[in-house]
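Since the structure comes first, as structure tokens, the remarks are kept for the end.
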Amino acid sequence: MRPLPRLFAFTDRAVRNAPQVGSAASAIASVGAPVALVARDHSATGAELTGFAATLVTVARPAEASVIVAGRPEIAAALGAQGAHLRGVDLTPRECRRLLPHAWIGRSVHSLDEARRAIEEDADYLVAGPIHETPSHPGMTPAGVGLIERLVPLGHPVIAIGGMTPERVAEVHAAGAWGVAAISALWSSTRPGTTALAMLEPWL
């Protein structure tokens with residue numbers, strides 16, 4: 001199993017449909033550090049998500065970057081992806097592991113109680129947030145860096161998400177985060193590879 005990535009490049013419907021997604025994904029995957037391209041679009045059909053994830057696998061393989069499929073562990077298993085990422089409404093990490101016995105399985109959490117439950121259900125890592133306001137979770141109150149500080153003592157890698165930018169990564173690194181996750185900061189960048197390296201800088 002590859003090292004757990006320090007940077008998770010999550011996608012959404014807009015990213016999946018963007019004409020430049022292939023070149024941006026290639027730039028992010030090729031930064032020379034442990035990164036993950038996360039195929040996530042909860043509005044996509046199984047066929048659409050499979051096709052998109054397959055594209056990410058194609059660009060990630062030469063750089064040995066990881067591909068993680070959100071919400072559909074069967075697609076991750078079929079494509080030989082390096083992991084699956086889950087929400088609370090998805091299969092539990094333990095159930096997912098039956099399909100992916102040798103892959104990373106993560107869980108999105110928003111509180112200490114959710115994090116404890118995810119660990120009890122056999123999650124390998126936690127994606128915690130939103131740390132700051134973010135368009136991907138409109139109306140959700142930001143948890144702040146304090147959420148990272150509360151989760152780190154649980155002993156599982158914590159990935160900070162929600163409004164993360166190159167200017168904000170130092171604070172979550174100082175709080176003990178294993179890494180960071182982002183959507184717009186990476187995929188909307190005119191130089192996604194450079195932005196990815198900037199977001200990874202505290203861990204390099």
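Normalised by residue count, the stretch 122-166 yields a Cα convex hull volume of 84 Å³ per residue. For the chain, the solvent-accessible area works out to 44 Å² per residue, with a probe of 1.4 Å and every protein chain left in place.
Using heavy-atom solvent-accessible surface (probe 1.4 Å) with all chains present, what is the largest-first order of ASP41, ASP12? Mind showing how you got there, number by number?
Details: ASP41 10, ASP12 55 Å².
Reading off the accessible areas and sorting them downward yields ASP12, ASP41.
Taking the Cα centre of the stretch 78-163 as origin and assigning +1 to Lys and Arg Cβ atoms and -1 to Asp and Glu Cβ atoms, the resulting dipole is close to 140 debye. Our analysis of the chain gives Rg over Rh at 0.93, with the two radii drawn from alpha carbon positions and Rh computed by the Kirkwood formula. For the stretch 6-32, the residues whose backbone nitrogen is under 19 Å from a point 7 Å from the Cα of ARG191, taken along Cα to Cβ, are 23-32. The orientation-averaged projection of the convex hull spanning the C-alpha atoms of the stretch 94-186 amounts to 6.2 square nanometres. Computed from label points 7 Å out along Cα-Cβ, the spacing between GLU95 and GLU74 is 1.3 nm.
Working out 0.36 nm times the residue gap between ARG87 and HIS102, then minus their Cα-Cα distance, what length gain in nm do you get to one decimal? Each step should come with its number before you reach the end.
Values: separation 15, 0.36 × 15 = 5.40 nm, distance 1.97 nm.
In short, 3.4 nm is gained.
Ordering PRO166, LEU86, VAL57 by the projection of their Cα atoms onto the charge dipole of the chain, which places +1 on the Cβ of Lys and Arg and -1 on the Cβ of Asp and Glu, puts VAL57 at the extreme positive end. From its DSSP helices (H runs of at least four residues, each -39,500 (n - 2.57)), the chain gives a residue-normalised ellipticity at 222 nm of -9500 deg cm²/dmol. Each of ALA18 and GLU201 was given a label point 7 Å from its Cα along the Cα-to-Cβ line. The distance between the two points is 2.1 nm.
Of the solvent-accessible surface of the chain, computed with a 1.4 Å probe over protein heavy atoms with every protein chain present, carbon and sulfur atoms account for 53 percent.
The values are calculated or read from the model by the stated rules, or taken from the named source; none is laboratory data. Because the structure is predicted, anything quoted here is derived from the model rather than measured. Quick reminder, even Gly has a Cβ in these numbers, built from the backbone with ideal geometry, and neighbours come from all protein chains shown. Note: accessible area is taken over every heavy atom of the protein model, side chains too, but ligands, DNA and RNA are not part of it. Shrake-Rupley method; radii C 1.70, N 1.55, O 1.52, S 1.80 Å.
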